[in-house]
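**Student:** Could you have a look at this structure, given as structure tokens, before my questions?
The values are calculated or read from the model by the stated rules, or taken from the named source; none is laboratory data. None of these values were measured; they are calculated from a predicted model. Don't worry about glycine lacking a Cβ; one is built from the backbone with ideal geometry, like all the others, and counts go over all protein chains shown.
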Amino acid sequence: MVGELAEVVGGVDSAPAAPALADSWGFPHFSRLGEALKRVDFDVAVVTVPHSAHFPVCRELLLHGKHIVKEKPFAVSEPEARKIAELAEESDRGVFTLLQRNFNPVFAFAEQNFRRIGEPYWFSYDYHLNLAQPTSGWRASREQALGGVLLDMGYHLIDVLGGMFPEPTRLHAAFMHHYREMRDRRLEDLVSVMCSYATPSLAGSLRISRHNHEKTERLSILGTEGALSVTPEAGTLFSPGGTAVDSRERAVSKGAVVRTMFAHYLARLEDRAYRAAHLSRQLSTVRTIDGIYRSHLTEPGALADRCA
């Protein structure tokens, strides 16, 4: 997909199958980032690595003056997020996080109609997968994942909420484990979060898990003059009596949403104001996730620190 929007001049991957894959796609393969930085000239790097590698990879790219389009999370902790933001400003480069919900017409509908429900007083956001087996791959490694469903799946949800609500001032979280091995590795299979805000008339909850009986995602927002219900497929605006008064369906494929997202970021690499706004929102998202983990650690019997 990136190849449709820009020229791909190389790929970095240490996996054994990577050289053959790069050859089939027609671009050079490098086993290390340093090698690619020395041998090819490029403007933008697309970063899709395990969580533990995000900061060192982004740091090296920014020190070499490269723009970055990266998978979430923007960073795994607030100090790392601030450092990436500082490096981006010093190098005059952009760091954009891949968050496809921001480019889904359904979520745009929700933001555009947010004020039509009056004063919001409650939200609930549920996002569940229905995996039948324990988490596998690098997400099952404490050293690589550095967190469970909150840092992984939850990043999308908290970013969406950050576009509608201020940062929460108080957080209370419950972390649960479907599988013993995940509990032993301190990687939550389920998290439930209560959010409170500076204004006492607003509160909300999030529930995120990997092993639900069905795969589902739904954001519900209640207001004094109506309500919004949002899924990745459709958004609906309701009157106080529960009558649907407006709605929007996605009407485009997931691939089209991702293509729009990449095109949007690539077109704004040199837009300093846009870059600054994006960084600010990502700092807020990371700060909130850090706050949720910290709130859990302060509970009696809480788990040990989640990352070094």
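**Student:** Within region 144-261, which helices (runs of 4 or more DSSP H) (wholly inside it) include 1 or more residues that are among the acidic types (D, E) and either at positive phi or surrounded by 20 or more Cβ atoms within 10 Å (Cβ to Cβ) (or both)? If you could, list the steps in order and put the result at the bottom.
**Tutor:** Details: elements: 149-152, 154-162, 180-184.
Counting at least 1 such residues, we get 149-152, 154-162.
**Student:** Provide a single number: the residues in region 115-133 that are buried (at least 16 other Cβ atoms within 10 Å of the Cβ) and under 24 Å from the mean Cα position of the chain (by Cα).
**Tutor:** Counting residues in region 115-133 that are buried (at least 16 other Cβ atoms within 10 Å of the Cβ) and under 24 Å from the mean Cα position of the chain (by Cα) gives 7.
**Student:** Also, quick follow-up: Any idea which of (1) under 23 Å from K83 (Cβ atoms); (2) outside the structural domain of Y197 (by TED's automatic domain parsing); (3) modelled with pLDDT of 95 or more; (4) not charged (D, E, K, R) is the one C307 doesn't satisfy?
**Tutor:** Tallying (1) under 23 Å from K83 (Cβ atoms); (2) outside the structural domain of Y197 (by TED's automatic domain parsing); (3) modelled with pLDDT of 95 or more; (4) not charged (D, E, K, R), C307 fails exactly one: (3).
**Student:** Just to be sure I understand, how many residues within region 190-240 are in contact with a helix residue (DSSP H, G or I) (Cβ under 9 Å, 6 or more places away or on another chain), closer than 10 Å to H128 by Cα and not small (G, A, S)?
**Tutor:** Result for region 190-240: 4.
**Student:** Considering only residues that are touching a residue at least 40 places away in the same chain (Cβ under 8 Å) and outside any loop (DSSP other than H, G, I, E, B), which ones fall in region 28-52?
**Tutor:** Within region 28-52, V44, V46, H51, S52 meet the criteria.
**Student:** Being closer than 21 Å to D290 by Cβ and either more than 16 Å from the chain's Cα centre (by Cα) or not small (G, A, S) (or both) narrows it down to one residue among K66, K83; which is it?
**Tutor:** Values: K66 fails: closer than 21 Å to D290 by Cβ.
Checking each option against the conditions leaves just K83.
**Student:** A follow-up question, please. Only residues that are out of contact with any Asp or Glu (no Cβ under 9 Å at 6 or more places or on another chain), touching a residue at least 12 places away in the same chain (Cβ under 8 Å) and either within 11 Å of L228 (Cα to Cα) or not assigned by TED's automatic domain parsing to the domain that holds Y155 (or both): list them for region 104-121, please.
**Tutor:** F107, A110, E111, F114, P120
**Student:** What number of residues within region 190-213 are farther than 20 Å from R170 by Cα and in contact with a Leu (Cβ under 9 Å, 6 or more places away or on another chain)?
**Tutor:** The total comes to 4.
**Student:** Out of A75, A81, which single residue is in a loop (DSSP other than H, G, I, E, B) and either crowded, with 19+ Cβ neighbours inside 10 Å or not acidic (D, E) (or both)?
**Tutor:** Numbers: A81 fails: in a loop (DSSP other than H, G, I, E, B).
The conditions single out A75.
**Student:** Just to be sure before I move on: is E249 closer than 16 Å to A108 by Cα and touching a strand residue (DSSP E or B) at 6+ places or on another chain (Cβ under 8 Å) in the structure I sent? Spell out the reasoning first.
**Tutor:** On the way: closer than 16 Å to A108 by Cα: yes; touching a strand residue (DSSP E or B) at 6+ places or on another chain (Cβ under 8 Å): yes.
Yes.
**Student:** Let me ask another. Please determine whether any residue of region 267-283 is among the charged types (D, E, K, R), outside the structural domain of E86 (by TED's automatic domain parsing), more than 20 Å from L5 (Cα to Cα) and not in a loop (DSSP other than H, G, I, E, B).
**Tutor:** Scanning region 267-283 turns up at least one residue that is among the charged types (D, E, K, R), outside the structural domain of E86 (by TED's automatic domain parsing), more than 20 Å from L5 (Cα to Cα) and not in a loop (DSSP other than H, G, I, E, B).
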